[in-house]
Amino acid sequence: MSDMSPPNGHIVVFGFHGVGRRIVRQLSSIGHRVLVIDSQASLSEQEDLQRWGITYLAGYGDSEDTLSAASVTTALAVLCVTDDDVRNTRLALLVRDRSAEVRIVVRIANSAVSRALHEVAQPGAVLDVAALASPSFVETVLNRETHELTLGGVDFIIDTISSRREGTMRSLGSEFTPIAIRPADSGTTTYLPDYDHPVRSGDSITVIGTLQDYRAYGIEPATGPEMSSGPNLRRRMRELVAAMNDAVDRPFRIAALVLALLFATSFVILISGYQEPDGTRMDPLDAIYFTSETIATVGFGDFYFRDQPTWLRMWAVALILLGAALVAIATALLTNALVSRRLEQSLGRQRLTGMRDHIVVIGLGSVGSKVAADLHAAGHEVAVIDSGDGRRLIPQMRAARIPVLIGDATLAETQVAAGIERAAGVAILTSDDLVNIEMGLAVRGVLGERDVPIALRVFSRNLARVIGSGLDAGVARSIAELAMPWFVGETLGLEVLGTFYLDTSLFMAIGATVVPGSRLEGIAPLDVGPAIRVIAVRRSADDDLEQARAGSAPLRVGDRAYVIGPYQDVFAALHLD
């Protein structure tokens, strides 16, 4: 440990928990001098920092002494990545007040605050961890393998195709850049293979190319958001019936049933016993009309019982009295059900009762609410289960007509109420890794043999690998790992264009300008590998984007190269520049 100010060109990181830890580790691994400021770092965390050769300063960072000790004015960049939006905002303002030039990267979850801080952070960026991680969870819970990236203004698609014959990637066609090859015999996956890598018929090949490239190969990729067909009239009616049934209580149901029986009895009696002086009998429509106006107490005006048999006149009296009483009772009970607090608390349960093939999101934190909103915006029916910790976000969900059920998702009663056994996907997004694993196993037990995707939020990358290989609890995704490349890229002034998972490996796409002495200078785009791959190049601002092909001219100083690869390898390669 050290409380000494680091030399110029260092990177200051406020906050060492969650995504902050991943950022610090990545920056350190590629050789940057890092100073961590945190008031709550445990002894084990401080030992980790010492082992990594990182300077640690205990404090909150919003005092003049701490800012001076951190030498924020001479830093390469300052990252404000604590778990508190208010604190991050205050830190960003204090740092910007000291220096108008230092690069500031701020973590903010509130969109309104983010917009307000945008100008303050320049040069730099304001990033939302939930927004950066949400697309990956949406893809996972929808079981999608297609990713879309915009490189240099051109839309590219990452998808998996099946090899049609044996050969090499070069012999199969030069339309695509290969990203991964999964053998048909379930052998080891090869990432970023070269064009001479052998391919057998039936192998699954993940490639990147434009829509025109796919069409030239003879396939049509699934582009755009996977839209649900939306709830049809039958589904809406089912939800309405289920909501009404859940809202009213047993006394109202009894009163409504007795009222219906009275109506039916009156109908039968009238069409069989009522007879006009001229012998005309009451037809069914008249019987319905008369019964309705009598029960509604609007009086007679069309049919008279003066000339009817005594028993029929007695029935008319009974119908008036019973009908009025039953209508009053049913109205009172329905009003009580509609205005009671119990109805308000059961709104989520009512809509859930009628849902089919919906997506269940467990955990209404910043990530859970973002994933639920994104799924809903794409046209999918979504239901949320929360233990109560996310109550502040319930109005946001209600405004979007997303039902929220308060309860313990590990309990069978809550799972049944949420209709998990009827769900098309489940995203488990609480902030506790072990709770998420427990819920994943419980949900998998409810789903049984159904092949329903389950997305799990975890922090530990090692734990994610264990889940993938040893437990059938779902597909683990790390929010910190998904967001970290964006923060590191913005810290170093790089243009991060996207992150996505291939199996358990996180890949990223980035735009980088070739500078003098760069490892990219003078190398043909296809020869840059093996750890990274150049997908496309823009030679100058006025030139069209040029896809990397065999025979492409070597990269020159000033070229804009669009690179893809595992994030560790991309950062390591570009750091050499």
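The values are calculated or read from the model by the stated rules, or taken from the named source; none is laboratory data. Since the structure is predicted, the reported quantities are computational estimates derived from the model, not experimental observations. Cβ placement follows ideal geometry from the backbone for every residue including glycine, while neighbour counts extend to all protein chains displayed.
Is it the case that GLY61 is surrounded by 24 or more Cβ atoms within 10 Å (Cβ to Cβ), under 26 Å from ALA100 (Cα atoms) and not aliphatic (A, V, I, L, M)?
Values: surrounded by 24 or more Cβ atoms within 10 Å (Cβ to Cβ): yes; under 26 Å from ALA100 (Cα atoms): yes; not aliphatic (A, V, I, L, M): yes.
Here the answer is yes, as GLY61 does meet what is asked.
Give the residues of region 381-429 that are touching a residue at least 24 places away in the same chain (Cβ under 8 Å), in a loop (DSSP other than H, G, I, E, B) and surrounded by 15 or more Cβ atoms within 10 Å (Cβ to Cβ), sorted by residue number.
Those that are touching a residue at least 24 places away in the same chain (Cβ under 8 Å), in a loop (DSSP other than H, G, I, E, B) and surrounded by 15 or more Cβ atoms within 10 Å (Cβ to Cβ): GLU381, SER387, GLY390, ILE402, PRO403, ALA409, THR410, GLY419, ALA423, ALA424, LEU429.
Looking only at residues in region 137-155 that are within 12 Å of the chain's Cα centre (by Cα) and buried (at least 23 other Cβ atoms within 10 Å of the Cβ), which one is farthest from ARG96 (Cα to Cα)? Break it down into steps so the answer makes sense when it comes.
Of region 137-155, the ones within 12 Å of the chain's Cα centre (by Cα) are 137-142.
Now narrow it down to the ones that are buried (at least 23 other Cβ atoms within 10 Å of the Cβ): 137-138, 141.
On the way: PHE137: 34, VAL138: 36, VAL141: 40 Å.
It comes out as VAL141.
If you go through region 138-163, how many residues are of a type in the set (A, V, I, L, M, F, W, C), touching a Gly at 6+ places or on another chain (Cβ under 9 Å) and within 21 Å of ALA476 (Cα to Cα)? Don't jump to the end; show me each part of the working.
Within region 138-163, the first condition is being of a type in the set (A, V, I, L, M, F, W, C), and the residues that meet it are 138, 141-142, 149, 151, 154, 156-158, 161.
From what's left, touching a Gly at 6+ places or on another chain (Cβ under 9 Å): 141-142, 149, 151, 156-158.
Then keep just the ones that are within 21 Å of ALA476 (Cα to Cα); that gives 141-142, 158.
Final tally of qualifying residues: 3.
Whether any residue in region 111-128 is of a type in the set (Val, Ile, Thr), outside any strand (DSSP E or B) and without any contact (Cβ under 8 Å) to a residue 60 or more places away in the chain is what I want to check.
Of region 111-128, the ones of a type in the set (Val, Ile, Thr) are 113, 120, 126.
Add one more test, that the residue is outside any strand (DSSP E or B), and what stays is 113, 120.
Now narrow it down to the ones that are without any contact (Cβ under 8 Å) to a residue 60 or more places away in the chain: 113, 120.
Within region 111-128 (the criterion being of a type in the set (Val, Ile, Thr), outside any strand (DSSP E or B) and without any contact (Cβ under 8 Å) to a residue 60 or more places away in the chain), the answer is yes, since at least one residue qualifies.
Among the candidates ARG477, ARG465, ARG519, ARG549, single out the residue that is modelled with pLDDT of 85 or more, among the basic types (Lys, Arg) and not assigned by TED's automatic domain parsing to the domain that holds GLU175.
On the way: ARG465 fails: modelled with pLDDT of 85 or more; ARG519 fails: modelled with pLDDT of 85 or more; ARG549 fails: modelled with pLDDT of 85 or more.
It is ARG477.
Filter region 74-90 for residues that are of a type outside the set (Ser, Thr, Tyr) and in a helix (DSSP H, G or I); which is surrounded by the most Cβ atoms within 10 Å (Cβ to Cβ)? Steps first, answer last, please.
Step one: list which residues in region 74-90 are of a type outside the set (Ser, Thr, Tyr), which gives 75-81, 83-88, 90.
Remaining after also requiring in a helix (DSSP H, G or I): 85-88, 90.
Values: ASP85: 19, VAL86: 11, ARG87: 17, ASN88: 24, ARG90: 15.
The residue in question is ASN88.
With respect to ALA480, determine if the residue is farther than 20 Å from MET355 by Cβ and either touching a residue at least 24 places away in the same chain (Cβ under 8 Å) or buried (at least 19 other Cβ atoms within 10 Å of the Cβ) (or both). Spell out the reasoning first.
Values: farther than 20 Å from MET355 by Cβ: yes; either touching a residue at least 24 places away in the same chain (Cβ under 8 Å) or buried (at least 19 other Cβ atoms within 10 Å of the Cβ) (or both): yes.
Yes: the conditions hold for ALA480.
Every residue in region 117-133 that is more than 16 Å from GLY18 (Cβ to Cβ) and crowded, with 24+ Cβ neighbours inside 10 Å, please. Spell out the reasoning first.
To start, the set of residues in region 117-133 that are more than 16 Å from GLY18 (Cβ to Cβ) comprises 117-126.
Matches in region 117-133: LEU117, GLY124, VAL126.
Checking ALA531 against (1) closer than 21 Å to ARG22 by Cβ; (2) surrounded by fewer than 17 Cβ atoms within 10 Å (Cβ to Cβ); (3) out of contact with any strand residue (DSSP E or B) (no Cβ under 8 Å at 6 or more places or on another chain), which test does it fail?
(3)
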